Amino acid sequence: MSDKKYDLRQLEELAGGNTDFVDSMVETFLEHTPIQLNEMLDAHKNQQLNVLGAIAHKIKPNIDLFEIVEIKDDVRLLEEYGKNNMNSPEVAEALGRLERVLKEVFKQLEQR
């Protein structure tokens, strides 16, 4: 698969060769993260920046674990702006990138 948006090396290293663990983590990511993404989009639409920031804080470890480097800075920006209840055009831009990249990651992980 060319242009993979994620890398499982860190997860595989953590699993120590246990492919069932890796599969379980991927399954959990695919089960929960799309819901969390939708909650973030709703929170932004409803100007609930503190909720947006809290969800960004929750998904940040998975963004790091799955090495989705393209949005590492975006999830941190959303977390910080949400925590401080600040809105700016940067929030919408970061959320748009997060949505686009995560949806691609979901597709790629489902096909792996």
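Since every read-out is calculated from the coordinates, none of them should be taken as a lab result. None of these values were measured; they are calculated from a predicted model. Counting neighbours? That spans all protein chains shown, and the Cβs are built from the backbone with ideal geometry, glycine included.
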task = Take the alpha carbon atoms of the chain, find their radius of gyration, then divide it by 2.2 N^0.38 Å using N residues; give the quotient.
result = 1.08
query = Using 7 Å Cα-to-Cβ label points, what is the S88/Q111 separation (nm, one decimal)?
reply = 3.6
key: Crossing angle, helix 89-110 versus the chain [Cα axis fit, 0-90 degrees, rounded to tens]   = 20
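Select from the range 1-55 those trypsin sites (Lys or Arg not before Pro) which occupy a DSSP coil region and have at most 16 other Cβ atoms within 10 Å, ordered by residue number. Please list the in-between numbers first.
Values: sites: K4, K5, R9, K45; in loops: K4, K5.
Of the trypsin sites (Lys or Arg not before Pro), the ones in loops of the range 1-55 whose Cβ has at most 16 other Cβ atoms within 10 Å are K4.
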ask   = What residue among N62, G16, P34 has its Cα farthest toward the positive end of the dipole of the chain, where the charges are +1 on Lys, Arg and -1 on Asp, Glu, each on the Cβ?
value = P34
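What does the extension gain come out to for S24 and R76, with contour length at 0.36 nm per residue minus their alpha carbon separation? Don't jump to the answer; show the numbers that get you there.
On the way: separation 52, 0.36 × 52 = 18.72 nm, distance 2.55 nm.
This chain segment gains 16.2 nm when fully extended.
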ask   = Going by alpha carbons, how many degrees (0 to 90, nearest 10) lie between the helix axis of 49-65 and the longest principal axis of the chain?
value = 20
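For a protection proxy built on the mean count of beta-carbon atoms within 10 angstrom, sort 87-97, 10-20 highest first, please. Don't skip to the end; give the middle numbers.
On the way: 87-97: 14.5, 10-20: 11.5.
Final packing ranking: 87-97, 10-20.
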remark   = Karplus ³J(HN,Hα) for the range 12-21 (6.51 cos²θ - 1.76 cosθ + 1.60, θ = phi - 60°; Hz, whole; x = Gly/Pro) runs 5, 5, 4, 6, x, x, 7, 5, 5, 5
